[in-house]
Amino acid sequence: MEAKELPSYQSSLPKRQVVAAMGGTMLSMFLGSIFMTITATAMPRIITDLGGFSQYTWVFTSYIITETIALPLTGKLSDMYGRKWFFVIGMSIFVVSTFLCGVSQSMSQLIIFRALQGIGFGVMSALGFIVIADIFPPEERGKYGGLMAGVFGISTIIGPTLGGYLTDTLSWRWCFFAPLPIGVIIILLFIFMFPQIKVSHEKRRVDYGGVVAMTLFIVPLILALTWGGVDYTWISPIILGMIAFSIVMLVIFILIESRAEEPVIPLKLFKNRVVAVSSIVAFFMGASFFPVIAFVPLYFQGVLGATATASGGFLTPMMLSAAIGSFISGQLLSRAGGRYRFQGSVGFIITCVGFFLLSRMTAETSYATAIFNIVLIGLGSGLIMPIHTIAVQNTVPYSIMGTATSMITLLRPLGGVVGLAIVGLILNNTFASSFIGNLSSEVKAVVSPEQLAAIVDNPQALVNAEAQAQLQGLFAGMGSQGTILFEQMLSTLRNSLNSALTQVFAVFLIVAFLGLIANFFLKGIPPYRSKPGKPAPESKG
C-alpha cells in the first residue's frame, strides 16, 4: 500500500503558532465540556429562581440536539472552507449564548440560549480533533489526540465542584459569567495565532437537501429516546410516530447522499474498512461509557447509602482514570507506531472486566470495591477514546478529513443517547417487578396500591431524607412493628434497585463486548511518512 503524503504546511508552521493553536483548541474543548456538568449542578437553584420544573430536561435536550446537528455540518463545511474562521464563529456563538444564559429571566429563554450554546460547542467539538490532523503528522497525532480526550475527563471532575462553589457563594448566574473572560481570550488566540490553512477543494456546493434530511432524522430520534419511558410510554403514538418518521428520514437522507455532488456525509466513506469499523466501535463505546456516568451516582447513593454530595464525588476516580487512560493510549499510539487494534482490544477487555464486576455487586459491596470497579471502566474507556479517531485520520484523504473526524465524534454521543434510552427502560421494568415481587405481604397490607405505584415510579426514599421520613410516617402508628416493616420496605427498595442496576451493568457489558468484537476487524491502517523520502513505518493492526 502506498504511503500517504502529508500537506506541506505541517512542517512549515512556527512552533509558537502550533503551541498557541493547540493551547487555544484545548482550552475551547475544556470550556465547552465543563458547561455540561456546571449546568447540572446549578439546575436546582435555577428552577427555584426561574420556575418551569416541567421544562427541566429541555435545558439539556436542546443543547444535545443542536450540538449533534452542528458536528457533521461543521466537519463538512470546514473541509470546504478551512477551519480558522469556523473556530472563531463557533467560539463567538458560544461566548455570546453563555452570557445570554446568565441573564435569562425565564426557563424558555434559558432553553433557547442553551440551544445556541449547543451550536457553538458542536462547532468547537467537531474542529477540536480535526485540528490535530491539520497541525501534526500522523505519527504525532496519537499523543495530542490522547490529551484532547483527557480534557473531557478533567472537565467532568472540575465542573461539579466549580458549579457548586459558584452557585453557593455567588449565584447560579456566575456559573455562566465566570468562564467568559477565558472565552474572549480564546477568540483572540484564534484570530491572531491560529493558522489559516488553505483547504484544496474545488467544489463548493452545499448539500442543503442532505442537511434538512439529516436534521429531520436526528431531532425526532433524540426526542423519542429522551422522552420515551419518561414523559410518554414507549408505545404511545407520539414516540412511535417520531421513531417511524426518523427512520423514513434516514432512508431519504441515504438516497439524497448517494446522489449529491457534495454530500454532508459521503457514503463512499463507509467503503473504507477502517472508517466503517471505527464508526461501529465509536457507537458501541459511546453506548456503554457515557450512560454509565448517569448510573454510578445512583448506585452509590441509592444502594450503598452515600450522601448526594459524596455520590457525585465518586465519579471523580472514574473520570480521572479515563483521562489517564486517554493520555497513555495517545502516547502509545505515537511511540509504538500505531497498534490500533491491539490497544483498542486491551481497552475493551479492561472495560468488560469492570462491567462484569459491577454486575456482580450487592447492597453489601464496600465503597472501595465499587470504586475499583468503576476505575477499571474509566481506564479501559480512556484507552479506547483517541484510537479510532486517529485511525480514521491516518486513513482518509485530507480533503475529507474534517467530515470523517466529525462523524466519529458524532457517533459517540449518539450512541450514548441510544444506550441511555435502552438501559433506562430495563432499569424501570426490572426495578418495578423486583420491588413488587419481593415485598412482604405484611407491608402490602399497610401500604395502598396507589402509594406503592408512586414509590415504584419515583423511589425518592432511597436518596432523599424528607421522602424517607414521609415513607416512615406510613408505619408510625404501629409502634415497634411499624419500625420493622419500614426497615423491611427500605431493604426491599434497596435490593430491588441493586438488582435493576446490576442488570443495567450487565447490558453495558454486552455492549462493550460487541465493541470488542467489532474492534477485531480493524485492519489495514495505511503506513505514513512525515516528509517526502522518509521511509514509511510498518503498518500495524
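We did not get these values from a lab; they are worked out from the coordinates using the rules stated. Given the structure is predicted, the values throughout are model-derived calculations rather than measurements. FYI the Cβ positions are ideal-geometry reconstructions off the backbone, even for glycines, and counts take in every protein chain you see.
Packing-based ranking of 260-273, 150-163 yields 150-163, 260-273, ordered from highest to lowest mean Cβ neighbour count within 10 Å.
Hey, with R₀ at 22 Å, roughly what FRET efficiency would L240 and N428 work out to, going by the Cβ-Cβ distance, to 0.05? Could the numbers behind the result be given before it?
Numbers: r = 18 Å, r/R0 = 0.82.
Efficiency, from the Cβ-Cβ distance: 0.75.
Approximating the spin labels as points 7 Å out from Cα along Cα→Cβ, the R360-to-F177 distance works out to 5.3 nm.
Return the ratio Rg/(2.2 N^0.38 Å) for the chain, where Rg is computed over Cα atoms only. Could the numbers behind the result be given before it?
Details: Rg = 24.3 Å, N = 541, 2.2 N^0.38 = 24.0 Å.
Normalised Rg, Cα atoms only: 1.01.
Ratio to report: Rg/Rh of segment 345-396, with Cα atoms as the point set and Rh obtained by the Kirkwood method; give two decimals. Kindly include the intermediate steps, with their values, before the conclusion.
Details: Rg = 14.3 Å, Rh = 12.0 Å.
Taking Rh as the inverse mean 1/r over Cα pairs, Rg/Rh reads 1.19.
Take the Cα of F342, step 7 Å toward its Cβ, do the same at V206, and the gap between the two points is 4.6 nm. Our note on the geometry: Cα centres of segment 433-455 and segment 253-307, 39 Å apart. What FRET efficiency comes out for Q481 versus E261 if R0 is 60 angstrom and r is the Cβ-Cβ distance? Round to the nearest 0.05. So the FRET efficiency works out to roughly 0.15.
Here segment 350-369 and segment 70-101 have alpha carbon centers that stand 41 Å from each other.
Note the per residue figure in Å³ for the convex hull of the C-alpha positions in segment 208-261.
On the way: hull volume 2.9 nm³, N = 54.
Roughly 53 Å³ of hull volume per residue.
Relative to the longest principal axis of the Cα atoms of the chain, helix 15-50 runs at roughly 20 degrees.
Work out the length of the dipole vector of the chain about its Cα centre, built from +1 on the beta-carbon of each Lys and Arg and -1 on the beta-carbon of each Asp and Glu, and round it to the nearest 20 debye. Don't skip to the end; give the middle numbers.
On the way: 31 positive and 22 negative charges, 405 e Å.
With only Lys, Arg, Asp and Glu charged at Cβ, the dipole is about 1940 debye.
Here is the size of segment 76-121 from its Cα atoms: Rg then Dmax, 12.5, 39 Å. Relative to the longest principal axis of the Cα atoms of the chain, the long axis of helix 367-384 makes an angle of roughly 20 degrees.
Let me have the 222 nm mean residue ellipticity of the chain computed from DSSP H runs of 4+ only, each contributing -39500 (n - 2.57), with the sum over all residues rounded to the nearest 500. Mind showing how you got there, number by number?
Details: 20 runs with 402 residues, N = 541.
My calculation for the chain gives -25500 deg cm²/dmol from helical runs alone.
Peptides 16-23, 93-100 ordered by packing proxy, namely the average of other Cβ atoms within 10 Å per residue, highest first: 93-100, 16-23.
What's the extension gain from E442 to R16 if we count 0.36 nm per residue and subtract their Cα-Cα distance? Each step should come with its number before you reach the end.
Numbers: separation 426, 0.36 × 426 = 153.36 nm, distance 7.38 nm.
Answer, rounded to one decimal: 146.0 nm.
With each label modelled as a point 7 angstrom along the Cα→C-beta vector, the S108-D49 pair spans 2.0 nm.
Note on S359, S399: ascending count of other Cβ atoms within 10 Å places them as S399, S359, the fewest first.
Using 0.36 nm times the number of residues separating Q331 and I158, minus their current alpha carbon distance, what extension gain do you get?
Values: separation 173, 0.36 × 173 = 62.28 nm, distance 2.38 nm.
Full-extension gain reported as 59.9 nm.
Most tightly packed first, judged by the mean number of other beta-carbon atoms within 10 Å of their residues, the peptides 448-454, 281-287 read 281-287, 448-454.
Report the gain in length on full extension from L250 to V353: 0.36 nm times residue separation, minus Cα-Cα distance, nm rounded to one decimal.
Numbers: separation 103, 0.36 × 103 = 37.08 nm, distance 3.54 nm.
My answer for the length gained is 33.5 nm.
On the beta carbon distance between Q451 and D168, with R0 = 35 Å, the FRET formula returns roughly 0.50.
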